[in-house]
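Quick notes on the structure that follows.
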Amino acid sequence: MTPTDPDLILRCLTSDDTAAFGDLVRRHQSAVRGFLRHLTRGDSARSDDLAQETFIRAWRGLAGYRGGSRFGTWLLGIAYNLFRNERRGQRNDPAFDAGNEFPAAASTGNLSDLRQDLASALDRLPGDERTALALSLQFSLTHEEIAATTGWPLGTVKTHLSRGKEQLRGLLAAWNPSPP
Amino acid sequence: MSLDDPRLEEWLREALREPQLPDDGFAERVLAALPPRGQPLDRYRAALAISWTASGAGIAAALCLAGSTDWAAGVLARLVNAATLLTGRPWISFAVTVAFVSYMGGLYAARAAVGSLGRSR
């Protein structure tokens, strides 16, 4: 039987079991690295460095994990804080704050065109709104979990989500809402 | 016509869907970089406990030098009153009270640190 996250955490805490922590890393690395790649807009080297630091911090602070949220959500919170602190150190991170130039949406009804336009539209959103949408739709986090992960008040989470969707609607207005 | 929420969310989920990233030795790199868990914190706690205890010991010595065998509350109260009367500065009462509470906190921190060090062995 596959041990659960709490089982592995308990083994880490009681006997400093690095093998158990290795299992946790393997289980959650994709989500943490994927989230950081999303935040860094695809910078895989930078996101992997941040992901490694995320797991090291998690190892150090494992005793502080109270189990109030899912372990994966807790890890995403550490990752987001690390990214935010790194960004503060750099003052401006144009890759996070401003998107790429968005080509005019083409309403040809072609599915790959739609995907391309969606990806471009997402890239064009401000960083916080993109992050909120990714946490909600890619990682299926609840509003409360997004608030816990990012440290934003619940109202801010809802604002970022609704503003992000509103902007996407505007950017994708050329697309007919009929099924692609 | 505008895109309704469920349709937009469905499209977004599709656009954001990413394949599972292969580990590619990532976990091994993390494990190789892991520090011994808890040691820096234990050292910090121990240093804190020692400094608190030293300051507490200073206060205890001052109380003993006051020449009384009535430990703690009575001596402390008399010391505070005497200090307030002599100096005419009521803030001394506050300072001594804070120092006393800190001393008790120091004892607690020392006990926690000793327990923590014992566990990490």
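A few remarks follow.
- Test: residue in region A:128-147 that is modelled with pLDDT under 80 and open to solvent by 70 Å² or more (accessible area, probe 1.4 Å): no
- Subset of region A:31-78 that is assigned to a loop (DSSP other than H, G, I, E, B) and among the small types (G, A, S) - its residue that is most open to solvent (accessible area, probe 1.4 Å): A:G68
- Pair list, Cβ under 6 Å, 6 or more apart: region A:121-146 residue under 17 Å from A:R84 (Cα atoms) and aliphatic (A, V, I, L, M), other residue open to solvent by less than 40 Å² (accessible area, probe 1.4 Å) and assigned to a loop (DSSP other than H, G, I, E, B): A:L135/A:L141
- Residue satisfying condition, being modelled with pLDDT of 75 or more and crowded, with 16+ Cβ neighbours inside 10 Å, within set B:L63, B:L34: B:L34
- Within region A:10-27, tally of residues that are aliphatic (A, V, I, L, M) and open to solvent by less than 10 Å² (accessible area, probe 1.4 Å): 3
- Checking each residue in region A:8-51 for being facing chain B (nearest Cβ under 9 Å), in contact with a Gly (Cβ under 9 Å, 6 or more places away or on another chain) and touching a residue at least 60 places away in the same chain (Cβ under 8 Å) picks out only A:A31.
- The requirement of being among the hydroxyl-bearing types (S, T, Y) and under 11 Å from A:V32 (Cα atoms) is not satisfied by A:Y65.
- Taken over region B:13-31, the criterion of being at pLDDT below 80 and open to solvent by less than 80 Å² (accessible area, probe 1.4 Å) is satisfied by B:E14, B:A15, B:L16.
The values are calculated or read from the model by the stated rules, or taken from the named source; none is laboratory data. In this text the structure is predicted, and so the values were computed from the model without any measurement. Counting neighbours? That spans all protein chains shown, and the Cβs are built from the backbone with ideal geometry, glycine included. The accessibility values were calculated without ligands, DNA or RNA, using every heavy atom of the protein model including side chains. Shrake-Rupley method; radii C 1.70, N 1.55, O 1.52, S 1.80 Å.
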